[in-house]
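Below is one structure, written out as structure tokens; comments come after it.
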Amino acid sequence: MRVPLSWLREYVDVQLSPEQLAERLTLLGMEVKGVERWGADWRSVVVGELLTVEKHPYADRLHLTTVNVGSGEPLHIVCGAHNIAPGQRVPVALAGAVLPGGRRIERTEKMGIASEGMLCSGDELHITSDAEGILILPPATPLGRDLSELYGDAVLDVDVKPNRGDALCLVGLAREVAAVTGAAIRWPEISVEEVGDPVSDRLRVEVREPELCTRFVGRWVSGAKIGPSPDWVQMRLQAAGMRPVSNVVDASNYVMLELGKPTHTFNGAAVKDGTIIVRLALLGERLETLDHVERELTPDTLIIADASGPIGIAGIMGGFDSEITDATTEIAIESAVFDPVSIRRTGHQYSLRSEASLRFEKGQEFRLARIGADRVAQLTLAWAGGALSKGRVDTAPTEPAAARIAFRPARVSKLLGAEISVDEQRTLLRRVGVETELASSGTRIQVSGAPKPLVVDPGSERTVVAIVPTWRRDLDIEMDLAEEVARVRGYETTPAHLPDTLMPAYRPSPLGVRELVRQTLAGAGLSEVVTHALVSPLDEARLPWPDDAGEPALPASLAAQSGHEIVVTNPLSVQHSVLRRHLGASLLDVLSLNERQGRSDVGIFEIGKRYARVAGRPREWTRLAILLTGAAEPAAWNRAARPYDLDDAKGIVELLCRRLGLAEPSYVPDTRGFPFHPGRALLVRQESGAEAVAGRLAELHPDAVAAWDLRAQRVIVAEVALAGLDVAAPLRVHVEPLPRFPEVERDLAVIVAESRTAAEVQSTIERHGGVLLRRVRLFDLYRGTPLAADEKSLAYRLVLGAKDRTLTEPEVDSAIEEVRNGLETDIGAHLRT
Amino acid sequence: MDFESLSGDLHRLRDLALAEIAKAADPAALDQLQIQYLGKKGDLTAVLRGIGALPPEDRPRVGAVANEIGEAVKTALAERGSELRSVVQAQRLVAEKADVTLPGRTVPRGTLHPIPETVAAITEVFGQFGFVVYEGPEVEDDLTNFQMLNIAPDHPARDLWDTLYVDIPGHLLRTHTSPGQIRVMQSTRPPIRALLPGRCFRYEAVDASHGFEFFQVEGLMVDEGTSMADLKGLLDEFAHALFGPRKTRFRPGYYPFTEPSVAFDVECVVCGGVGCPACSKTGWMTILGAGMVHPVVLQYGGIDPERYQGFAFGMGVERIANLRHAVPDLRYYLENDLRFLEQFR
Ligand SMILES: [Zn+2]
């Protein structure tokens, strides 16, 4: 809310500078977002006196004027307005002046005659809405003075929190200032002279939805004359950010800003039979609102109607047909209290939210309906004349008494962690208009309100009852008063104290394994990325990552269940409208962005979530995704470049398994093809029933690379599930006792058909190695002479040993013989010697 | 042959050997000389063959001389060998001279993203005060995200959280990490000290200071006497840990799920409190929101507000990271331009 300081001063004395006041209000919870110098954007605009006004020789619509600006020679200024005459004081923009919006005024020539500046309208200065005539200043306005000195103001931009609708007005903020400074509040003097016939002769109100419209106060002014409101009113409204419209509409807006009470003024003549009906819209009813939009009303919309149909959407916007126009003389004033929820829903439904509806949404003080109606009537009479009919139409004249809230001062101190005496608490509350008295026996404490009410008996605890002013609708439970005490005392006085209460039980951090993985991968040369969870639905088509659940090779415990994409029903854009089911596409986006920056060597990883709807419920899984492309090791003066390939991805997974104390992973070919290279894709898992690693590593199919418009030739992408990524898993390394007897190494060169996989050869060796075989490691892969074209040779180093003895040559030979036979019979291999 | 002549032969042999050893140019020549003089078929052996012609009483004397001479030749060989090796080594070292000013062989080193790094920094500080980490779902239900946090369906404060909804009835993308408060309270009993980091979503157009996906860390502490002073004490420690010794202040804030609610300000990290554009000339920067847990929220968590009280706080990870690293644009984080990420080596 924009608060012009000069206007605020009408209700409370302010000795502080605008910046000091801003800080004090901020510390009181009325956060001042900024202090604007209103009129600061007028530069070189001064007060001038018109000396002569003559017709322009070559243009009928223009005048030639001479203007005394207090010093120097009179200026010659050409002006197009018709409301000027010699002797008037007017705002003069000198050559070089800057007007609101950055408009610069220079010496010009209009129809062959030089103009040394410009006379300004109220609109050009953003003071009033009058764009036709020049702003005529009072005769006593000091000549030559800078206009910003005379009319400039400090405007505070106050962020009023949603629970403090009462402070969304000048009087409300004046109350807060008074709480800070101790100054007294000057309430606006509201009095009206009723001279006309009884209001009941003019206006009848029928509320058919008393739940949604709890009070309707009506007033009637006859014989008003519509015109602009006084300049000072227009200036205040402009400074507060509202555009002046006409005296009657301005009166309504002025009261909204002054008291926080939205009201509406109708052209009384357009209200058929002088009867206003507050009801729900009927199916098919339509209304053209003030913004000239014809709206189809839905049956849950609360409307203001007359006998012939809707004339306004209650609390939101009036109808065009009953708008106040220049010809209007009969004014119907509506000052009502509407249900906040209904207003909020309706505002959302029609995408119509106004200053008025924002205030209705926050709830309205019941009393203000009466006061607001009187104030609008008072200002209408003052600014537009006419006669006010006697009395008010009022559908609920009984106004509730102040609420009484009991609280225990000791509890307030305990919550705040500061010892604040009962007397001090009572004094502090008095500063925000909350009177207190000691509670009588039997008083109960509202510890918690709806939707989880809790009322307790304070027992012997000292209890005070707060009598809450009717405008403080936010004060409801005991702790609300604690906040009020803290607020007025000053949050900055809160003592700092480190907790000395009991510690919680140990809990392993779910971030632990992720942290190890991050550190390990960064150490291995990969860069971590964090990408959007919301992606384009097209990603799935461009990179149809297979479902783990349908893959028997993967352990069920880690494989994500298949499910459906979770779709955002109100997305900001289609690019980010579904939750990703896999992370690969996100990394391709990162690659694409970096390729556009000229990067071709990219090794990245992300620990992120994938999402799916399974059996109607949302599910989330944390996964590690890796993308490698370009050079793993870029060329340097001492090293040739080496491109990333699938082995790097496998090596990374193997490194992680070692780091996390997991069994080595094993690989199963995945020959499905698109989106993967049919010969370079695999499933990763663990043998021996361990289920700590599962996922896919693949070089992308060239068509998939093309679908992402990438320059890269080969892109390796992996998505892996690891035990401990989602739920903290303890890392535990089990130590083998060091061998007491020497181990024996034997190398085997195994020649197999090209179609045999390394995994087959290795598992065959392990299967036939017997109890003496401790470890097997592939150390060479050879193709070429003297091997046949469809053969390859895999060289393994076998380590054999026994716990209780040194192996003898014959023992080792027979174990190796066993392996050789197994290789021959199982996979048709023979050994190269 | 007599003793004198044999002894004379031996001494001549010695002189010859020592002279040749002294002239040897490389270890190979020394090896040759060793064989020539001391080998089984060497000159010394050849001379000693004449020993059989001596009278038996002279033989030990010749043996002693031969040993002495043999030792002398061995010593000379060893000394010359050592001499030659150090020459060769010195030559090798000279030949091996490298340009040590050339750059090293790069060890690949990746980078860690500032979001998880900042989360780690935050959890590290609070971890020292006994806070343990929990996580809640990102696809949250409306009940936990709003209603149990005292935000009814038509609460005016709902405007503070523009929400993205999903096609699962009653569910949405969590707008903050605060629903984690409910989940922690429902899953454990006081004393509670919990941290909840995670991704959040809002219906918000993207610009330099807004995004529809962002990260928060929520904190929750509940016990019998946990007060606003404890909150201030902990947040002071946190601010000092991350931003150095700076002034801090509490001022009133507003959240439906805390009462009283707090905004926590730290002396501007740019201007140090003098006032600058970064702090809107106030000298202060708000780094998080906090407050005492509302009794409605405690009750939804299954905790009796008459017995227990506590505080909660929530901070934007990007906000903290921006202040620590002077990141000018929020979009940098999820864009993942390596030129940005590689500055965090
Ligand atoms: Zn600053």
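The values are calculated or read from the model by the stated rules, or taken from the named source; none is laboratory data. Note that this is a predicted model, so its numbers are computed, not measured. Please note: Cβ atoms are built from the backbone with ideal geometry, for glycine as well, and neighbour counts cover all protein chains shown.
Restricting the stretch B:250-280 to residues that are more than 19 Å from A:Leu415 (Cβ to Cβ) and outside any loop (DSSP other than H, G, I, E, B), which is nearest to the other protein chains (Cβ to nearest Cβ)?
Once the filter is applied, the top-ranked residue is B:Asp265.
Exactly one of (1) more than 23 Å from A:His677 (Cα to Cα); (2) within 14 Å of chain B (Cβ to nearest Cβ) is unmet by A:Pro555. Its number?
(2)
Out of the strands (runs of 3 or more DSSP E) lying entirely within the stretch A:320-430, which hold 1 or more residues that are within 14 Å of chain B (Cβ to nearest Cβ), of a type in the set (A, V, I, L, M, F, W, C) and farther than 30 Å from A:Pro210 by Cα? Walk me through it before giving the result.
Working: elements: A:331-338, A:387-390, A:403-407.
Fully inside the stretch A:320-430 and qualifying: A:403-407.
Condition first: over 26 Å from A:Leu358 (Cβ atoms) and out of contact with any helix residue (DSSP H, G or I) (no Cβ under 9 Å at 6 or more places or on another chain). Now tell me which residues in the stretch B:154-172 satisfy that. Break it down stepwise before answering.
Residues of the stretch B:154-172 over 26 Å from A:Leu358 (Cβ atoms): B:166-171.
Matches in the stretch B:154-172: B:Val166, B:Asp167, B:Ile168, B:Pro169.
If A:Gly165 satisfies every condition in (1) crowded, with 20+ Cβ neighbours inside 10 Å; (2) under 24 Å from A:Pro244 (Cβ atoms) but one, which is the exception?
Against the list (1) crowded, with 20+ Cβ neighbours inside 10 Å; (2) under 24 Å from A:Pro244 (Cβ atoms), A:Gly165 comes up short only on (2).
Having 3 or more residues that are within 14 Å of chain B (Cβ to nearest Cβ) and touching a Gly at 6+ places or on another chain (Cβ under 8 Å) is the bar; report the strands (runs of 3 or more DSSP E) wholly within the stretch A:614-685 that clear it.
So the answer is A:617-629.
For the structure I just gave you, tell me whether B:Ala321 is more than 8 Å from the ligand (Cβ to nearest atom) and either in contact with a Leu (Cβ under 8 Å, 6 or more places away or on another chain) or in a loop (DSSP other than H, G, I, E, B) (or both).
Spelling it out, it is not the case that B:Ala321 is more than 8 Å from the ligand (Cβ to nearest atom) and either in contact with a Leu (Cβ under 8 Å, 6 or more places away or on another chain) or in a loop (DSSP other than H, G, I, E, B) (or both).
Taking the stretch A:12-33, which residues are in a helix (DSSP H, G or I) and of a type in the set (S, T, N, Q)?
Those that are in a helix (DSSP H, G or I) and of a type in the set (S, T, N, Q): A:Gln20, A:Thr26.
Restricting to the stretch A:210-237, and then to whatever is within 23 Å of A:Trp7 (Cα to Cα) and not hydrophobic (A, V, I, L, M, F, W, C), can you tell me which residue is modelled with the lowest pLDDT?
A:Asp231
Output the residues belonging to the stretch B:283-307 that are at positive phi, away from the ligand (no atom under 12 Å from the Cβ) and at the interface with chain A (Cβ under 10 Å from one of its Cβ atoms).
B:Gly291
Return the only residue of A:Gln446, A:Gln349, A:Gln364 being under 28 Å from B:Gly310 (Cβ atoms) and under 34 Å from the mean Cα position of the chain (by Cα).
One residue alone meets the criteria, A:Gln446.
When the residues of the stretch B:250-282 are filtered to those that are surrounded by 18 or more Cβ atoms within 10 Å (Cβ to Cβ) and within 16 Å of the ligand (Cβ to nearest atom), which remaining residue is farthest from B:Phe238 (Cα to Cα)?
Filtering the stretch B:250-282 for residues that are surrounded by 18 or more Cβ atoms within 10 Å (Cβ to Cβ) and within 16 Å of the ligand (Cβ to nearest atom), the one farthest from B:Phe238 (Cα to Cα) comes out as B:Thr282.
Regarding B:Asp154, is this residue assigned by TED's automatic domain parsing to the domain that holds B:Pro256 and within 29 Å of A:Pro537 (Cβ to Cβ)?
Considered against the rule, which asks whether it is assigned by TED's automatic domain parsing to the domain that holds B:Pro256 and within 29 Å of A:Pro537 (Cβ to Cβ), B:Asp154 comes out as no.
For residues that are more than 18 Å from B:Ser261 (Cα to Cα) and touching a residue at least 12 places away in the same chain (Cβ under 8 Å), scanning just the stretch A:408-424, find the one that is surrounded by the fewest Cβ atoms within 10 Å (Cβ to Cβ).
Within the stretch A:408-424, the match that is surrounded by the fewest Cβ atoms within 10 Å (Cβ to Cβ) is A:Ser421.
Give the stretch A:765-792 a look and list any residue that's touching a Lys or Arg at 6+ places or on another chain (Cβ under 9 Å) and not in a loop (DSSP other than H, G, I, E, B), or say none.
A:His768, A:Arg775, A:Val776, A:Arg777, A:Leu778, A:Phe779, A:Leu781, A:Tyr782, A:Glu791, A:Lys792
Considering only residues that are within 10 Å of chain B (Cβ to nearest Cβ) and among the acidic types (Asp, Glu), which ones fall in the stretch A:454-505?
Across the stretch A:454-505, the qualifying residues are A:Asp474, A:Asp476, A:Glu478, A:Asp480, A:Glu483, A:Glu484, A:Glu492, A:Asp500.
To keep it simple, each residue is scored yes or no on (1) more than 53 Å from the chain's Cα centre (by Cα); (2) more than 14 Å from every other protein chain (Cβ to nearest Cβ); (3) under 30 Å from B:Lys281 (Cα atoms).
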{"residue": "A:Leu5", "(1), (2), (3)": "no, yes, yes"}
{"residue": "A:Leu8", "(1), (2), (3)": "no, yes, yes"}
{"residue": "A:Val14", "(1), (2), (3)": "no, yes, yes"}
{"residue": "A:Glu23", "(1), (2), (3)": "no, no, yes"}
{"residue": "A:Leu27", "(1), (2), (3)": "no, no, yes"}
{"residue": "A:Gly34", "(1), (2), (3)": "no, no, yes"}
{"residue": "A:Glu49", "(1), (2), (3)": "no, yes, no"}
{"residue": "A:Val53", "(1), (2), (3)": "yes, yes, no"}
{"residue": "A:Arg61", "(1), (2), (3)": "no, yes, no"}
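Among the candidates A:Ala382, A:Ala377, A:Ala336, single out the residue that is at pLDDT 95 or above, within 23 Å of A:Arg472 (Cα to Cα) and out of contact with any Ser or Thr (no Cβ under 6 Å at 6 or more places or on another chain).
A:Ala336
Looking only at the stretch B:102-140, count every residue that is more than 8 Å from chain A (Cβ to nearest Cβ), in contact with a Lys or Arg (Cβ under 9 Å, 6 or more places away or on another chain) and without any contact (Cβ under 8 Å) to a residue 60 or more places away in the chain and tell me the total.
So the count comes out to 1.
Could you list, in sequence order, all residues of the stretch B:151-172 that are more than 7 Å from every other protein chain (Cβ to nearest Cβ) and in contact with a strand residue (DSSP E or B) (Cβ under 9 Å, 6 or more places away or on another chain)?
B:Thr163, B:Gly170, B:Leu172
Can you pull out the residues in the stretch A:720-750 that are touching a strand residue (DSSP E or B) at 6+ places or on another chain (Cβ under 6 Å) and either assigned to a loop (DSSP other than H, G, I, E, B) or of a type in the set (D, E, K, R) (or both)?
A:Leu725, A:Asp726, A:Glu743, A:Glu745, A:Arg746, A:Asp747
Within the set of pairs 6 or more residues apart or between chains, which connect a residue that is of a type in the set (Lys, Arg) inside the stretch A:240-262 to a residue that is part of a loop (DSSP other than H, G, I, E, B) with Cβ atoms less than 7 Å apart?
Once the first residue is of a type in the set (Lys, Arg) and sits in the stretch A:240-262, its partners that are part of a loop (DSSP other than H, G, I, E, B) give A:Arg243/A:Ser129.
What do you reckon, is A:Gln597 touching a residue at least 24 places away in the same chain (Cβ under 8 Å) and out of contact with any Leu (no Cβ under 6 Å at 6 or more places or on another chain)?
Taking the combined requirement at face value, the residue does not satisfy it.
Quick one: how many residues across the stretch A:377-413 are more than 17 Å from A:Arg367 (Cα to Cα) and of a type in the set (Gly, Ala, Ser)?
Within the stretch A:377-413, residues that are more than 17 Å from A:Arg367 (Cα to Cα) and of a type in the set (Gly, Ala, Ser) number 9.
Looking for something surrounded by 19 or more Cβ atoms within 10 Å (Cβ to Cβ), in a strand (DSSP E or B) and hydroxyl-bearing (Ser, Thr, Tyr) - is there at least one such residue anywhere in the stretch A:114-131?
yes
Among the residues in the stretch A:476-485, are any outside the structural domain of A:Gly29 (by TED's automatic domain parsing), modelled with pLDDT of 95 or more, outside any helix (DSSP H, G or I) and surrounded by fewer than 17 Cβ atoms within 10 Å (Cβ to Cβ)?
No - not one qualifying residue is present in the stretch A:476-485.
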